[in-house]
Structure formats: C-alpha cells, structure tokens
C-alpha cells in the first residue's frame, strides 16, 4: 500500500477507510516494539494484548484476555488503580512487570485513555528496560570498583611517598639503625605488593561480575591480558 | 583556641576524625600526640604504619618518652622485625588481623591504669591498603562503639580525600567531630 499525494495512507469510501484504518492499526499493533495492553477501566480486565506484551509477560493473548491488569503490569491492589482510583498520570514512568515465571521486569510505562468504538479504554504501553537497568547497575558497580581502587592505592601511595622521603632523610641522618631502616623499607615493599594484589582482585571482580556487559577489549584490559 | 587539634578530647571523651594532606600526616600525628600528653591524657597509639621501634625513636626526638604512651603495633611482624616484649606494647601479626587488633584494644583499655586515656589511630588511610573500605568502616564502627562504652576519647587520623565519600559520611556520623589539620604552626606553642 502506498499513500496517495495529500491523502495519507488511508483513502477511498468511508467503509473502505474503516477497513483500511483497522488493518493499518492492527499492523502497527502487531509489529510495534512496545508492549501494549488494552484495558477496560471499569473492570480492569485485559481486552487485548499485542505480541510484544505476550512475549514480555510470557503468556499468550488467550491467557491474558480476561485477566486483570493487577496480575501482570500493575502491582497496585484492587481499588487502588493509579489511573481510575487515584487519578494519577503515568507517563514514561519506571514500573515493574511480573512475567509468567514470577520475575519482575523493569519497564518504562505510559497509560493513556482512548475511545475505541465509542467506549473508553486504558492503553497501557511499556518497553522493557532490563538491559538499560543492568547497564546502569554495571556502571555504578564499575565506578565503585574504580573508587575502591583509588582509595586503596592512590591515597596510601601519597603517604608512602612522604614516608619514603622521611626514610631517605633518616638514612642520611644516621640516627636510625640499619634494622629500623630495613623494617620500614620492607613495610613499603609489602604494601606495594598488597596494593598490586588489591588492584588485580578488583580488576578481576570488575571483569567477571556480570562480565557480559563489559566490552571484550575492556575485559581483557581489566584482567591484564 | 587552637583550631587544628582537639583540645577538649581528653576531658570530654570525644571522638574525632582528623584529616590532613599526605605531606602533613606525620606532623598531625606528632601534634595530636603532644597535645594529648600535654593535657595529661595517656594515649594508646594504634599503628598500622610505623613499627614501634621507629615510633619510639621518632617520639623520643620530639621529647615524648615511652612511659608516656602505650602502643598496639600491627606492623612490626608484617615487616619481619623482632617484637621486643614490652608491657606497654602489644603486637598484632598484621594490619588485616582485625580480630587480634580488636582484642588488643579491649585488653589495653581494660589494663591501662591511667584515669585519662585516649586512642590515636594511625591511620585509617593506611589500613585501607590491607582491607576493603567497607570492612574498614565496620571495624572503625566497632572501635568507636567500644570507646563510647568505655568513655574513652579517640582520634582517627586520615588523609584528606583518602576516604570514599560514603565511608567518610558514615565515619562522620560515628565520630563527634571531623577536623581538618592545617599546620603545626597554626597550633601555637605545645609546651
């Protein structure tokens, strides 16, 4: 189907238009990469679900139709629907979806009211943001590893630099005996060894924990390949 | 009043977190020790940084004899040095041995006969070489609780910006005051 100039996608008689509109919207409904549930606002039962909603929830359209929305996309209890009872707007808000396995999937949800065939319905549309959330958590974890590395290496290195300078002065001054100088040098050697070990451990943790999210070249860098 | 070193700590059993630039940490340690001794408070120095033998020489140079303080030394064995027996010194195998460190603190706080005593922890920053920041925070919380229960003052020395902001905020809630050490000159005459 190709749109004619000035008439958009839909053209022809009223009857043809209706049929064509239904077909177009059915096509969009089926193919869009957003989960959509059409809900009866009075009973909160699911009237229709598109394939992505079926996929994300993990139930077929037949199983979904007739169920209440509380079971899947809204954890609110009966009588506490944010839209129909609390009269709130839900527009691009982070919410959770409970799939067939009972897992909670983070979603970005919008609820709009729409009139279809003369009746008002709630259109719940949502996208899965699990990957995005994982990436955010991963980012936070990496920052935490970096912070920990800095705190446990950079600051002590600053102190060690000062201590080594003092040690050089002590050796030059001749007030401290050889054993006292040796002990301090040994402490610094042990500390440096410990810091290297700490960095290796933190790098390995950063690379291996949920390592799928880290690009391979970064992972190789972390683990010192 | 001197803004850099807690003057009221020996009298009021307060807990401090004292911060300084790395190049000023040594001066801060000496200044805090001198101030405590001058105020008639017997310090228990917990060192994860310098062995007792070196500390004793360093303090003697500053006019503070070994009869003025007690030491928990968690670094001599770590350096392979000899742990010379001394009733005023307890040795712990290494700074990550928090169990023994905790026991040594408890024992000394019980054994020290002096009325006015305080602990000087040297330093939180060096402890982080040996243990994760979360573990360090838990341990310091344990020490703080012990001091509060024993009504003993405590001064935790740390490098400025040497703590994770989260840990710093936790530590700030554990202690009574967080203070920045500027310079020994700003402290005025010590004796």
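Report Rg(Cα)/(2.2 N^0.38 Å) for the range B:10-79, keeping two decimals.
On the way: Rg = 12.3 Å, N = 70, 2.2 N^0.38 = 11.1 Å.
After normalising by residue count via 2.2 N^0.38 Å, the value is 1.11.
How many nm is it between the label spots at residue B:57 and residue A:45, if each spot is 7 Å from the Cα in line with the beta carbon?
A separation of 9.0 nm, rounded to one decimal place.
Under a no-solvent Debye model with one identical scatterer per Cα of the range A:111-165, what's log10 I(q)/I(0) at q = 0.13, 0.22, 0.24 Å⁻¹?
Debye intensities relative to I(0), on a log10 scale: -0.61, -0.85, -0.90.
When you look at the Cβ of every residue in A:153-164, what mean number of other chain Cβ atoms sits within 10 Å?
Mean inter-chain Cβ contacts per residue within 10 Å come to 6.
Return the distance in nm (one decimal) between the two label points of a simple spin-label model at residue A:62 and residue A:94, each offset 7 Å from Cα along Cα→Cβ.
3.8
Taking the radius of gyration and the Kirkwood hydrodynamic radius from Cα positions alone, what is the Rg/Rh ratio for the range A:35-103, to two decimal places?
0.94
With no solvent and one point on each alpha carbon, what is the Debye value of log10 I(q)/I(0) for the range B:93-141 at q = 0.25, 0.32 Å⁻¹?
Here the Debye-derived log intensity ratios amount to -1.01, -1.30.
Per residue of A:188-198, what is the mean number of Cβ atoms on other protein chains within 10 angstrom of that residue's Cβ?
3
Highest mean first, how do A:170-181, A:155-166 rank when packing is the count of other Cβ atoms within 10 Å averaged over residues?
Answer by packing, highest mean first, reads A:155-166, A:170-181.
Using Cβ counts within 10 Å as a stand-in for footprinting exposure, how do B:38, A:95 rank, fewest first? Display every interim value, and only then the final one.
Details: B:38 15, A:95 19.
Fewest to most other Cβ atoms nearby, the residues stand as B:38, A:95.
Residues of A:176-186, mean number of Cβ from any other protein chain within 10 Å of their own Cβ, rounded to a whole number?
What the average comes to for A:176-186 is 5.
log10 I(q)/I(0), Debye, Cα-only the range A:19-73, no solvent, q = 0.15, 0.16, 0.28 Å⁻¹?
Computed log10 I(q)/I(0) values: -0.41, -0.46, -1.08.
Which FRET efficiency value, to the nearest 0.05, do you get for residue A:113 and residue A:31 by plugging their Cβ-Cβ distance into 1/(1 + (r/R0)^6) with R0 = 22 Å?
0.40
How large is the direction-averaged shadow of the alpha-carbon convex hull of the protein assembly as shown, in nm²?
Numbers: hull surface 128.6 nm².
With every direction weighted equally, the projected area is 32.1 nm².
Could you compute the FRET efficiency for residue A:197 and residue A:22, with r as their C-beta to C-beta distance and R0 at 56 Å, rounded to 0.05? The partial results should precede the final answer.
Values: r = 67 Å, r/R0 = 1.20.
After rounding to 0.05, the efficiency reads 0.25.
For the range B:55-191, what's the radius of gyration and Dmax over Cα atoms, in angstrom?
Final numbers for Rg and Dmax: 15.5, 40 Å.
Name the most mobile residue of B:72, B:45, B:64, meaning the one with the largest mean-square fluctuation, in a Gaussian network model of chain B with Cα contacts below 10 Å.
B:64
With 10 angstrom as the radius, rank B:171, A:47 by how many other C-beta atoms surround their C-beta, starting from the fewest.
Lowest count first: A:47, B:171.
Relative contact order of chain B, please, whole-number percent, based on alpha carbon pairs below 8 angstrom and at least 6 residues apart.
38
So what are the range B:113-159's ellipsoid semi-axes, whole angstrom, largest first, if each one is the square root of 5 times an eigenvalue of the alpha-carbon gyration tensor?
They are 22, 12, 7 Å, listed largest first.
At a Förster radius of 60 Å, what calculated FRET efficiency corresponds to the Cβ-Cβ distance of residue A:86 and residue A:185, to the nearest 0.05?
The calculated FRET efficiency here is 0.30.
Read-outs throughout are calculated quantities, based only on the coordinates presented, and are distinct from any laboratory measurement. Here the structure is a predicted model, which is why all the values come from computation and not from measurement. So basically every Cβ, Gly included, is an ideal-geometry build from the backbone, and we count neighbours across all protein chains shown.
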